[in-house]
Amino acid sequence: MTTALVYSDRFGAFHYGADHPMRPARLRLTFDLMSELGLTNLPDAVIIEARQAVEGELLLFHTPEYLRVLREANTGVIPVKGPEHGIGYGDNPAFKGVFEWSCYSTGASIQAAELVASGGADIAFNIAGGLHHAMPGRASGFCYLNDAVVAIRHLVDMGHRVAYVDIDAHHGDGVEYAFYDTNKVLTISLHESGQWLFPGTGLVTDIGIKEGKGFSVNLPFPPGAGDGLFARGFEEIVPAFIGAFRPDVLVTQLGVDTFSTDPITHLNLTTNGFERMVRAFKGFGVPWAALGGGGYDLGNVARAWTLAWAEMNGAAPPETIPEDFILKNGAIFKSDKLRDEPLKPLPDADVRIVEKDIAFLIREVLPMVLGQ
Ligand SMILES: [Zn+2]
């Protein structure tokens, strides 16, 4: 087993703004924690310097007009046409380096995809990727360029069948949109129900159209789902669809805004449920490009993606984060434990909604993929 971490120190150098929940600094914190725990000099793992995506690659999904406006926003000044494209206010500020940052995120995802598709690595991880909300001509939900779509389109152009699985708290709407009418890409999104959370989409009945009917899978969860229910939904749906679809390449979005202490979501997961899903991804034995995603409690991001990287490498990191590392990083870590204690499960009422949706997907949607 060989693995690759596609990374650049530049990832952590960008700032969305003082009060913005998205903090690219979390990526440097994650890499530093990996280093601290001895996970950046493993014998079968390589660290690859991330590169920026180029225009021709971005055009696999984005419009020339949008790219022109986003490039203009790189100065940190809102372009005249910025607001027309979702750039400038609220979720998607025009911060200095916004285009450069987005090109790093996308370039690194393309590198990860190429590495696993070519056999250069069995698993490649881009913690700066997974910006799944960006649309062809519009920034959305802290995402300007949809690195996942660009990387997957690149894989499809090389003739690969790709399965995309998204375990972020938010629905992977931009990726679903890109592949809604094709059976060459299977998209699966597990998320907090749009009834409670941005972007409001991702109903279980949204299953794709035309040739893509059955190849878009959504499993929404009620607030407070917790590790048990979320991981159970994962285990009942994801292996069945992956087995039916038989992808050449697996692309995953490993958002950790599902965690109990995340400030903007309500799913109540811990490292326990997250690690179960990461182990399952590895167990599929398919070339795997792993992307980051949401995560607005910085300590969670660093701990969870460090654990994911350890699992990808079959490494057993120490259970405790060294005290001087915690001190050096302010009050970001709430304890010195790398893993969370399990949390209590949820009440029964919530389980039944999810069970009904799981039954629908297995009974009505899975046969469409099996019968392709
Ligand atoms: Zn999210």
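Key figures for this structure:
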read-out	value
Check on Leu33, within 19 Å of Gly294 (Cβ to Cβ) and buried (at least 18 other Cβ atoms within 10 Å of the Cβ)	yes
Qualifying positions in the range 1-19 - over 13 Å from Gln111 (Cα atoms) and at pLDDT 95 or above	Thr2, Asp9, Arg10, Phe11, Gly12, Ala13, Phe14, His15, Tyr16, Gly17
Within the range 284-312, considering residues that are more than 16 Å from the ligand (Cβ to nearest atom) and over 29 Å from Pro247 (Cα atoms), the one surrounded by the fewest Cβ atoms within 10 Å (Cβ to Cβ)	Gly299
Yes/no for Val256 being under 29 Å from Leu27 (Cα atoms), touching a helix residue (DSSP H, G or I) at 6+ places or on another chain (Cβ under 7 Å) and more than 16 Å from the ligand (Cβ to nearest atom)	no
Residue identified as over 24 Å from Lys282 (Cβ atoms), in contact (Cβ under 8 Å) with a residue 40 or more places away in the chain and either part of a loop (DSSP other than H, G, I, E, B) or open to solvent by 10 Å² or more (accessible area, probe 1.4 Å) (or both) among Leu203, Leu145	Leu145
Subset of the range 313-344 (residues that are open to solvent by 60 Å² or more (accessible area, probe 1.4 Å), more than 29 Å from Ile123 (Cα to Cα) and part of a loop (DSSP other than H, G, I, E, B))	Ala331, Lys334, Leu343, Lys344
Exclusive hit being under 20 Å from Met368 (Cα atoms) and among the hydroxyl-bearing types (Ser, Thr, Tyr), set Thr265, Thr187, Thr201, Thr270	Thr187
Val80 being under 21 Å from Ile110 (Cα atoms) and either among the aliphatic types (A, V, I, L, M) or over 23 Å from the mean Cα position of the chain (by Cα) (or both)	no
Leading residue by the ranking (farthest from the ligand (Cβ to nearest atom)) among those in the range 154-165 that are open to solvent by 10 Å² or more (accessible area, probe 1.4 Å) and outside any helix (DSSP H, G or I)	Gly159
Test for Thr182: is it farther than 30 Å from Phe333 by Cα, among the hydroxyl-bearing types (Ser, Thr, Tyr) and surrounded by fewer than 23 Cβ atoms within 10 Å (Cβ to Cβ)	yes
The lone exception for Phe198 - which of (1) open to solvent by 40 Å² or more (accessible area, probe 1.4 Å); (2) hydrophobic (A, V, I, L, M, F, W, C); (3) within 20 Å of Glu57 (Cα to Cα) it fails	(3)
The range 2-30: number of residues that are outside any loop (DSSP other than H, G, I, E, B) and closer than 22 Å to Glu114 by Cα	9
Test: Glu84 is touching a Phe, Trp or Tyr at 6+ places or on another chain (Cβ under 8 Å), under 17 Å from Arg71 (Cα atoms), of a type in the set (D, E, K, R) and part of a helix (DSSP H, G or I)	no
Criterion: modelled with pLDDT of 95 or more, assigned to a loop (DSSP other than H, G, I, E, B) and more than 16 Å from the ligand (Cβ to nearest atom) - qualifying residue of Pro239, Pro247	Pro247
Qualifying residue in the range 345-366 (condition: out of contact with any Pro (no Cβ under 7 Å at 6 or more places or on another chain), assigned to a loop (DSSP other than H, G, I, E, B) and either among the hydroxyl-bearing types (Ser, Thr, Tyr) or open to solvent by 60 Å² or more (accessible area, probe 1.4 Å) (or both))	yes
Residue tally, condition of a type in the set (A, V, I, L, M), more than 16 Å from the ligand (Cβ to nearest atom) and surrounded by 22 or more Cβ atoms within 10 Å (Cβ to Cβ), over the range 261-283	1
Options Ala128, Ala113, Ala124, Ala151: the member that is within 16 Å of the ligand (Cβ to nearest atom), buried (at least 22 other Cβ atoms within 10 Å of the Cβ) and within 17 Å of the chain's Cα centre (by Cα)	Ala128
Conditions (1) within 16 Å of the ligand (Cβ to nearest atom); (2) open to solvent by 20 Å² or more (accessible area, probe 1.4 Å); (3) closer than 19 Å to Gly202 by Cα: number failed by Arg232	(1)
Restricting the range 166-222 to residues that are among the aliphatic types (A, V, I, L, M) and within 20 Å of Gly86 (Cβ to Cβ), the residue that is nearest to the ligand (Cβ to nearest atom)	Leu197
Evaluation of Ala139 against (1) open to solvent by 10 Å² or more (accessible area, probe 1.4 Å); (2) away from the ligand (no atom under 14 Å from the Cβ); (3) farther than 22 Å from Gly243 by Cα (one fails), failing number	(1)
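The values are calculated or read from the model by the stated rules, or taken from the named source; none is laboratory data. Not measured: the values here are computed from a predicted model. FYI the Cβ positions are ideal-geometry reconstructions off the backbone, even for glycines, and counts take in every protein chain you see. Ligands, DNA and RNA are stripped out before the accessible areas are found, and what is left, the full protein with its side chains, is counted by its heavy atoms. Shrake-Rupley method; radii C 1.70, N 1.55, O 1.52, S 1.80 Å.
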